[in-house]
């Protein structure tokens, strides 16, 4: 840190704008922290709380002193990297070892609570009452204990009951009844609708006994009915019992998740809960015969699709750029603008429009050309259709890039070539193209990477189809990502755990491919 | 020059990494995938863990639904709220209502109610997202039986139904002399005699459409899931690949060979083929009525016919209903509103002018039959339809059965194709 003694350096760090900027920045950080900490505490997001505090401390340490100069430059990027890149990856890997998905989102307590609550049924000739809820004077209107004051709409009789005592008639002189509802009662404080709403969770669990099996239960803010609860949960034995049939359900494993199962081992309720499943998801992925069988074919087509898209778009784009770069050509600006149009139309719109062009009986292509090609029904034709559409979508990009690169090639290079006796073709092939490739090849690699995972192009155009009879895993135009999307989400609803495992596997695969691409780019550098 | 190329390298590396993350992000947390969410997997999904696409409004009763239903519900719900001294907010969730609702409800910032089709019940129940709704006797008497059947799941009532939809047969009277054919054979003959460009506009598409194929599938004896003793669907008894479904496959194959069913007719163009006068018949639902009226087609409506000498065709019925969230802030008001919707026709009647769905309330059907004979006829025809199974396992049916239908229409061997679809479905349910 010998340079710290240099006067110029000291001068730079003490300018007034710099101090103000620093104070504003640190103040803003402090404000954000002060704003979000209570929220994080309220939502019990402990992990985020810790992360946020650590980040704030790091910002203060790095920016409040004159030291840590490299840190000042590195910290913002590192923080964003951590939040937006590393966190999703870590979360995905974490999920891949769970059964997270439809039916397995909540905790076991939530599942049990819901299973029991869902078993409340009206009795066969259930009586419905107009209900008011009351507490004793000075009682807590949110927690109870509650008393239900009921009016039988048929007879106009007023009844009262609570969790312990069953319904008893109330003398008419003790209550005020307004349009069928009890609005005031002696020895009670009647709750208003909002108070009932606030206390509703507790009220839903309230059962005013009628006889051995049935009880009066709350329905909405102002009604009650006679119903039964078939199921009850016993915490000691961790079982659910059906009082009506006497059946007992225990926790058992179905597939890779725990459910409450009957005596026959079949799951009795569809609710399950979030559990760790170890490597089950990966095991399922790698032992799935259909995937193993189709993976190779899908991989080959993915490579063909990505390479084909890049080459076709580049060849067309480059050729057009060459032609339109010739100064003898008139109206070049107009042509160039028109050629950019496909790039200006939102991709999903053009994909949907193109998909209707390929219709066998009513599509524009077959109708105009008088053909009856089954574009979307024949795997080979469908592949051609996908490439053709992607060419239309992609060539304007290559055209722009090539035009830019062409204009950057100095004229004297071409002049020199011509003076050495090269004709136009030789100049283009032997001088212009190699020079252009140096500038463009990294973009070709990027384009390849993009198309390798170009889910939209496939999903919006063909949905991966056509599927051969008896083949459901991979359609004729499925690239890896669209096939994997179907495996993860196509069948039994959302299965995030499995989908995460698939994502992690794909992550590894794409990583390897990226490494190969870098090698490839290094080779191109030798052109220089 | 070298430095610049390094930058490019870094860029392409970053691009790869971004693409990767997009793939991960799409797969991991955001979009609970129903099959359609194409744009989601691009990583651009708006739904976050915390809130879904919509932030819960601040009101005594918050209802989430899709755009059309929200428009029609807005005023009736507000009026009901005012009558009860409550504020009501109806919010539109334009896309992916179901996953957004499930996630938001789980996080505790979801709505108090949603309005949706009954076939969501299975998934909503297994995710502990909705609670039972008890309907008073007055309601159960006022509602058509199909409505109650649809919202009953595992012996429990989960919703307050208000509208019903099903598939019917539309005939273009200018193109056929038989406006209400009783059998498929009669239909084909009449359309051919009328010289229509296409006999029947029934969406098949390259991926198949098991929903629109259901009438023919059931007429030939096919079923999707068997029922247990209590009348609940039994996911271990898959009907696809069984005897009846193979007869259906053969019949569907014949219709494909005959050019009556075509994979080139899909949900995108079926209705427009009919309204353009290019098809003599159309199998579609109440949503097609507006287009048909606009096109000024002289049409007739009847039940979708079955095959000659076979069972009657039984299309799916879809029932729209109100559901109460388990984790909403105002469960009491939500329950109260559900009871109100079910017990009287008032709210459904006020919703009708802005979203003309066939009503489920018998009294309202009667009332509307003068001015809206077609709508009420669809509601009546729905009485002989079968509610679409609400069990989550239905998700495994659509893909394989649809693909099998499409392949059979395209000329694949009916028996082996249908059998393989059954095997695939069983495998997906089991796994």
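The values are calculated or read from the model by the stated rules, or taken from the named source; none is laboratory data. From a predicted model like this one, the values you see are computed outputs, not experimental measurements. For neighbour counting, all protein chains shown are included, and Cβ atoms are generated from backbone atoms with ideal geometry for every residue, glycine included.
Conditions (1) in contact with a helix residue (DSSP H, G or I) (Cβ under 7 Å, 6 or more places away or on another chain); (2) within 26 Å of residue A:318 (Cα to Cα), marked per residue:
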{"residue": "A:341", "(1), (2)": "no, yes"}
{"residue": "A:345", "(1), (2)": "no, yes"}
{"residue": "A:348", "(1), (2)": "yes, yes"}
{"residue": "A:352", "(1), (2)": "yes, no"}
{"residue": "A:358", "(1), (2)": "yes, no"}
{"residue": "A:364", "(1), (2)": "yes, no"}
{"residue": "A:369", "(1), (2)": "no, no"}
{"residue": "A:372", "(1), (2)": "yes, no"}
{"residue": "A:375", "(1), (2)": "yes, no"}
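Given the condition closer than 20 Å to residue A:352 by Cβ and at pLDDT below 85, answer yes or no: does some residue in the stretch A:443-452 qualify?
No - not one qualifying residue is present in the stretch A:443-452.
Of all residues in the stretch A:311-338 being more than 20 Å from residue A:427 (Cβ to Cβ) and touching a residue at least 24 places away in the same chain (Cβ under 8 Å), which is nearest to the other protein chains (Cβ to nearest Cβ)?
A:313
Across the stretch B:138-163, what is the total count of residues that are within 20 Å of residue B:234 (Cβ to Cβ) and either in contact (Cβ under 8 Å) with a residue 12 or more places away in the chain or in a loop (DSSP other than H, G, I, E, B) (or both)?
Total satisfying the criteria: 8.
Within the stretch A:339-365, take every residue that is more than 9 Å from chain B (Cβ to nearest Cβ) and more than 28 Å from residue A:323 (Cα to Cα) and give me the one that is surrounded by the most Cβ atoms within 10 Å (Cβ to Cβ).
Among those residues, the one meeting the criterion is A:358.
Given the structure, is residue A:477 surrounded by fewer than 20 Cβ atoms within 10 Å (Cβ to Cβ), more than 22 Å from the chain's Cα centre (by Cα) and touching a residue at least 40 places away in the same chain (Cβ under 8 Å)?
So residue A:477 fails the test.
Looking only at residues that are surrounded by 20 or more Cβ atoms within 10 Å (Cβ to Cβ) and within 14 Å of another protein chain (Cβ to nearest Cβ) in the stretch A:194-213, which one is nearest to residue A:125 (Cα to Cα)?
The qualifying residue nearest to residue A:125 (Cα to Cα) is A:206.
Being under 21 Å from residue A:209 (Cβ atoms) and either outside the structural domain of residue A:223 (by TED's automatic domain parsing) or crowded, with 19+ Cβ neighbours inside 10 Å (or both) is the filter here, so list the residues in the stretch A:168-190 that pass it.
Within the stretch A:168-190, A:170, A:182, A:185, A:188 qualify.
I'd like to verify a number: residues in the stretch B:35-58 that are touching a helix residue (DSSP H, G or I) at 6+ places or on another chain (Cβ under 8 Å) and at pLDDT 70 or above, how many?
2
In the stretch A:477-502, which residue that is facing chain B (nearest Cβ under 9 Å) and not in a helix (DSSP H, G or I) is modelled with the lowest pLDDT?
Per the stated criteria, the residue is A:492.
Within the stretch A:104-141, which residues are assigned to a loop (DSSP other than H, G, I, E, B), facing another protein chain (nearest Cβ under 10 Å), in contact with a strand residue (DSSP E or B) (Cβ under 8 Å, 6 or more places away or on another chain) and closer than 28 Å to residue A:235 by Cα?
Listed by number, the residues that qualify are A:104, A:118, A:119.
May I ask you to list the residues in the stretch B:182-210 that are part of a helix (DSSP H, G or I) and crowded, with 19+ Cβ neighbours inside 10 Å?
Of everything in the stretch B:182-210, those that are part of a helix (DSSP H, G or I) and crowded, with 19+ Cβ neighbours inside 10 Å turn out to be B:184, B:187, B:188, B:190, B:191, B:210.
Here are some conditions: (1) in a helix (DSSP H, G or I); (2) more than 30 Å from residue A:21 (Cα to Cα). Residue A:164 meets all but one. Which one does it not meet?
Every listed condition holds for residue A:164 apart from (1).
Checking the conditions here, which among B:394, B:388 is more than 10 Å from chain A (Cβ to nearest Cβ) and surrounded by fewer than 24 Cβ atoms within 10 Å (Cβ to Cβ)?
B:388
When residues of the stretch B:144-154 are filtered for being crowded, with 23+ Cβ neighbours inside 10 Å and touching a strand residue (DSSP E or B) at 6+ places or on another chain (Cβ under 6 Å), how many remain?
Count: 3.
Suppose we keep only residues that are touching a residue at least 24 places away in the same chain (Cβ under 8 Å) and more than 9 Å from chain B (Cβ to nearest Cβ) within the stretch A:366-385. Which one would you say is nearest to residue A:476 (Cα to Cα)?
It comes out as A:379.
Restricting to the stretch B:343-374, name every residue that is crowded, with 20+ Cβ neighbours inside 10 Å and under 14 Å from residue B:144 (Cβ atoms).
Within the stretch B:343-374, B:345, B:348, B:357, B:358, B:359, B:360, B:361, B:364, B:365, B:368 qualify.
Going through the stretch B:250-265 one residue at a time, which ones are within 24 Å of the chain's Cα centre (by Cα), within 11 Å of chain A (Cβ to nearest Cβ) and farther than 14 Å from residue B:288 by Cβ?
If the condition is that a residue be within 24 Å of the chain's Cα centre (by Cα), within 11 Å of chain A (Cβ to nearest Cβ) and farther than 14 Å from residue B:288 by Cβ, then B:262, B:263, B:264 are the ones that fit.
In this structure, does residue B:419 turn out to be in contact (Cβ under 8 Å) with a residue 60 or more places away in the chain, within 14 Å of another protein chain (Cβ to nearest Cβ), closer than 20 Å to residue B:216 by Cα and surrounded by fewer than 23 Cβ atoms within 10 Å (Cβ to Cβ)?
Yes: the conditions hold for residue B:419.
Among B:332, B:338, B:390, B:348, which is under 30 Å from residue A:224 (Cβ atoms), assigned to a loop (DSSP other than H, G, I, E, B) and modelled with pLDDT of 90 or more?
Answer to the selection: B:390.
With the structure loaded, tell me whether residue B:82 is touching a strand residue (DSSP E or B) at 6+ places or on another chain (Cβ under 9 Å), more than 30 Å from residue A:104 (Cα to Cα), within 14 Å of chain A (Cβ to nearest Cβ) and not in a loop (DSSP other than H, G, I, E, B) or whether it fails that test.
So residue B:82 passes the test.
Take residue B:332 and decide whether it is within 30 Å of residue B:224 (Cβ to Cβ) and surrounded by 24 or more Cβ atoms within 10 Å (Cβ to Cβ).
no
All but one of (1) assigned to a helix (DSSP H, G or I); (2) surrounded by 13 or more Cβ atoms within 10 Å (Cβ to Cβ) hold for residue A:334; state the number of the condition that does not hold.
Here residue A:334 meets the rest and fails (2).
Just checking, how many residues over the stretch B:85-111 are facing chain A (nearest Cβ under 10 Å), touching a strand residue (DSSP E or B) at 6+ places or on another chain (Cβ under 9 Å) and over 22 Å from residue A:102 (Cβ atoms)?
1
Going through the stretch B:117-130 one residue at a time, which ones are in contact with a strand residue (DSSP E or B) (Cβ under 7 Å, 6 or more places away or on another chain) and surrounded by 24 or more Cβ atoms within 10 Å (Cβ to Cβ)?
B:118, B:121, B:122, B:124, B:125, B:129, B:130
Considering (1) outside any loop (DSSP other than H, G, I, E, B); (2) within 12 Å of chain B (Cβ to nearest Cβ); (3) crowded, with 16+ Cβ neighbours inside 10 Å, say which one residue A:221 fails and leave the rest.
Of the numbered conditions (1) outside any loop (DSSP other than H, G, I, E, B); (2) within 12 Å of chain B (Cβ to nearest Cβ); (3) crowded, with 16+ Cβ neighbours inside 10 Å, the odd one out for residue A:221 is (1).
Restricting to the stretch A:368-391, give me the number of residues that are closer than 22 Å to residue B:406 by Cβ and either surrounded by fewer than 17 Cβ atoms within 10 Å (Cβ to Cβ) or over 30 Å from the mean Cα position of the chain (by Cα) (or both).
Looking only at that region, the number is 11.
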